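The values are calculated or read from the model by the stated rules, or taken from the named source; none is laboratory data. These numbers were taken from a predicted model, which means no experiment stands behind them. Cβ: placed from backbone, ideal geometry, glycine included. Neighbour counts: every protein chain shown. Accessible surface is based on the protein model in full, side chains and every heavy atom, while ligands, DNA and RNA are left aside. Shrake-Rupley method; radii C 1.70, N 1.55, O 1.52, S 1.80 Å.
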Amino acid sequence: VPAAAARHEMLGSVFARSASRVMLRRAMSSTAAKRPLGKAAAALVGGGAVLGGSYYAMQPQTVLSQDEAEEVDALIIGGGIMGTTVALMLKLLQPNWKVKLVEQHNRVAQEATNEWHNAGTGHAALCEPNYTPMNEQTGEVEVDKAVAVNAKFMTSLAFWSWLVDKGILPDGTFIQPAPHILFVYGEAGKEWLRKRVEKLTKLPAFAATEYTEDYDKIKSWVPLLCSGRPKEGGDAIACSRHPDGTEVNYGLLTRNMVQSLIELGGDVQLLSTVTALQQQADKSWLVAIRKNDLTPTNQTVRARFVFAGAGGGSLRVLQMAGIPEISGYAGMPVSGKFLVCQKPEVIEQNRNKVYGRAAIGAPPMSVPHLDWRTIYGKDCIFFGPFAG
């Protein structure tokens with residue numbers, strides 16, 4: 001891991017990305033291996049429930065029986081960066097636990113974690129505008145969320161660095177240094193950015209941030225930002241730049257962690273979808289899993305803990321669980337897509353992560369990006385996102 005990055009950040013962000021990923025837990029007791037199988041059967045046979053702020057009509061479910069159920073200490077649902085991190089951490093902290101990870105695809109890191117499906121930004125709040133909103137009543141920029149996010153990423157970076165140092169990860173090629181730049185235009189944008197930088201640079205993690213309104217300086221940082229933009233007579237522009245940002249290949253990181261999990265004795269099962277889940281009287285969970293291999297099969301797992309880290313699929317899992325934390329959540333079929341430039345003459349004009357501000361009233365996912373990426377030695381630029 002680059003030294004400039006290693007002195008900063010990391011693991012809380014890996015846990016705090018989404019409130020919908022919830023650990024379903026029971027009181028610590030004996031290990032799963034010591035607990036005898038029960039004979040009672042339980043079934044979910046249909047009906048409906050008002051969960052997640054919407055009506056979830058439960059289809060007839062697979063009968064959940066404790067007979068012949070596979071016993072595990074922790075079942076992790078989802079083979080992305082979230083689920084993989086939790087599974088590896090648990091195996092490191094509790095080597096004797098049986099940790100099982102299930103993923104619906106034939107490989108891990110195939111959805112949002114995949115290196116072609118995200119901007120690869122190490123989210124340390126160095127350039128992300130949504131973490132520092134302007135308080136309309138006081139006229140001040142609020143930085144509390146940016147400070148909290150930065151601290152969490154520092155924990156994550158420290159965790160990754162430790163994994164590399166201990167040989168649990170093969171190397172640190174999944175992360176590279178990349179300055180983080182925040183670009184604004186217009187007088188209101190300049191005022192907001194100036195106030196943001198003034199507040200944040202008083203803190204050690206943000207002290208290296210530079211601010212400029214100078215066209216030539218911005219052009220020296222990111223020539224592409226000034227391409228076709230007049231030096232005189234156009235909108236006023238400004239940028240902040242932090243030299244110690246990162247570019248992260250979360251897909252590679254996830255695959256490396258899964259390999260380490262397997263080597264440590266963890267169980268990874270692909271082509272597997274959770275179809276039913278029910279908590280038992282002893283607070284354990286019975287989980288029905290459909291394996292969609294050449295010959296589809298059904299199995300039942302009994303777990304002391306279940307972690308739902310399945311991205312958008314977590315909503316359905318949590319609805320089946322019926323836990324109160326799901327109240328108020330719903331799913332929307334919304335996505336964003338990046339376009340990719342692989343022309344060397346264009347790529348050499350930007351070696352940064354550049355963020356802009358979303359239009360007023362636009363969702364957070366519409367924040368404009370101009371991101372340098374390096375994927376397995378191939379440099380490119382992601383720009384967008386556009387509606388999926």
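Quick notes on this one:
- Residues in the stretch 165-181 that are out of contact with any Pro (no Cβ under 6 Å at 6 or more places or on another chain) and touching a residue at least 12 places away in the same chain (Cβ under 8 Å): 11 in all.
- Flag for Thr374 being surrounded by 14 or more Cβ atoms within 10 Å (Cβ to Cβ) and within 30 Å of Leu75 (Cα to Cα): no
- Residue in the stretch 126-136 that is crowded, with 18+ Cβ neighbours inside 10 Å, free of Cβ contacts under 8 Å to residues at least 40 places away in the same chain and either in contact with a helix residue (DSSP H, G or I) (Cβ under 9 Å, 6 or more places away or on another chain) or farther than 30 Å from Asp235 by Cβ (or both) present: yes
- Of the criteria (1) at pLDDT below 95; (2) more than 30 Å from Pro243 (Cβ to Cβ); (3) not aliphatic (A, V, I, L, M), which one Gln110 fails: (1)
- Evaluation of Trp162 against the conditions (1) free of Cβ contacts under 8 Å to residues at least 40 places away in the same chain; (2) over 16 Å from Thr85 (Cα atoms) shows that the sole unmet condition is (2).
- Taking the criterion of being over 15 Å from Tyr185 (Cβ atoms) and touching a Phe, Trp or Tyr at 6+ places or on another chain (Cβ under 7 Å), the only residue of the stretch 223-241 that qualifies is Arg241.
- Exactly one residue out of Gln269, Gln319, Gln299 is within 14 Å of Gln66 (Cβ to Cβ), open to solvent by 10 Å² or more (accessible area, probe 1.4 Å) and not hydrophobic (A, V, I, L, M, F, W, C): that is Gln299.
- Qualifying residue in the stretch 77-97 (condition: in contact (Cβ under 8 Å) with a residue 60 or more places away in the chain, surrounded by 24 or more Cβ atoms within 10 Å (Cβ to Cβ) and part of a strand (DSSP E or B)): yes
- For beta carbons closer than 7 Å, sequence separation of 6+ or different chains, a first residue in the stretch 320-340 that is basic (Lys, Arg) and a second that is in a loop (DSSP other than H, G, I, E, B) and surrounded by fewer than 17 Cβ atoms within 10 Å (Cβ to Cβ), the qualifying pairs are Lys337/Gly388.
- Subset of the stretch 138-177 [open to solvent by less than 40 Å² (accessible area, probe 1.4 Å), within 23 Å of Asn114 (Cβ to Cβ) and hydroxyl-bearing (Ser, Thr, Tyr)]: Ser156
- Enumeration of residues in the stretch 79-115 that are hydrophobic (A, V, I, L, M, F, W, C), over 24 Å from Gly167 (Cβ atoms) and more than 14 Å from the chain's Cα centre (by Cα): Val102
- Screening the stretch 346-371 for residues that are among the β-branched types (Val, Ile, Thr) and open to solvent by less than 30 Å² (accessible area, probe 1.4 Å) and picking the one that is nearest to the chain's Cα centre (by Cα) gives Val367.
- The lone exception for Thr212 - which of (1) modelled with pLDDT under 95; (2) open to solvent by less than 80 Å² (accessible area, probe 1.4 Å) it fails: (1)
- Exactly one residue among Val340, Val354, Val346, Val334 is farther than 19 Å from Thr275 by Cβ, part of a loop (DSSP other than H, G, I, E, B) and hydrophobic (A, V, I, L, M, F, W, C), and that residue is Val334.
- Boolean, Lys343 is among the basic types (Lys, Arg) and either surrounded by 15 or more Cβ atoms within 10 Å (Cβ to Cβ) or in contact with a Phe, Trp or Tyr (Cβ under 6 Å, 6 or more places away or on another chain) (or both): no
- Ala112 in contact with a strand residue (DSSP E or B) (Cβ under 9 Å, 6 or more places away or on another chain) and within 24 Å of Thr275 (Cβ to Cβ): no
- Total residues in the stretch 240-260 satisfying the condition of being in contact with an Asp or Glu (Cβ under 8 Å, 6 or more places away or on another chain) and of a type in the set (Gly, Ala, Ser): the figure is 2.
- Counting the residues of the stretch 252-300 that are on the phi > 0 side of the Ramachandran plot and of a type outside the set (D, E, K, R) gives 2.
- For the criterion of being at pLDDT below 95 and of a type in the set (A, V, I, L, M), Leu294 passes.
- Flag for Arg241 being among the charged types (D, E, K, R) and surrounded by fewer than 21 Cβ atoms within 10 Å (Cβ to Cβ): no
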